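K.L.:
Pasting in a structure now, in structure tokens, and then I'll have a few things to ask.
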Amino acid sequence: MANQKGSTYVTTMVCVTCGAEQFFDDAVPASLTCPKCQSTVFRQFTTPTERDEASIAQLEEQARSMSYGDASPGTAADDVRDLDT
Ligand SMILES: [Zn+2]
């Protein structure tokens with residue numbers, strides 16, 4: 001509930017060598033290695049979790065600013081509280 005705003009899209013990294021997919025719901029690691037073939041070359045796709053064409057275009061434009069918003073202290077505090085209970 002607290003993370004609803006930051007969980008509306010998922011980033012898929014597809015290995016160009018073997019096609020293995022890895023999913024990230026926020027930031028993609030700077031250095032990513034394929035667990036199957038150890039390749040470091042990927043194709044990146046950003047997919048909204050709600051299948052809405054209007055949201056797709058909107059999220060592509062807002063992806064950067066939304067990522068920065070997720071790092072807000074308020075969101076982090078909520079996450080810690082949820083994990084503790
Ligand atoms: Zn691979």
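The values are calculated or read from the model by the stated rules, or taken from the named source; none is laboratory data. Small disclaimer: the values here were computed from a predicted structure and weren't measured. FYI the Cβ positions are ideal-geometry reconstructions off the backbone, even for glycines, and counts take in every protein chain you see.
K.L.:
Can you confirm whether ASP84 is at pLDDT 60 or above and of a type in the set (Asp, Glu)? So that I can check it myself, show each step before the final result.
P.N.:
Values: at pLDDT 60 or above: yes; of a type in the set (Asp, Glu): yes.
Criteria met by ASP84.
K.L.:
Which residue pairs have Cβ atoms closer than 8 Å, lie 6 or more positions apart in sequence or on different chains, and pair a first residue in the range 33-48 that is more than 9 Å from the ligand (Cβ to nearest atom) with a second residue that is modelled with pLDDT under 95 and acidic (Asp, Glu)?
P.N.:
Once the first residue is more than 9 Å from the ligand (Cβ to nearest atom) and sits in the range 33-48, its partners that are modelled with pLDDT under 95 and acidic (Asp, Glu) give THR46/GLU60.
K.L.:
Here's a follow-up. Across the range 1-30, what is the total count of residues that are at pLDDT 90 or above and among the small types (Gly, Ala, Ser)?
P.N.:
2
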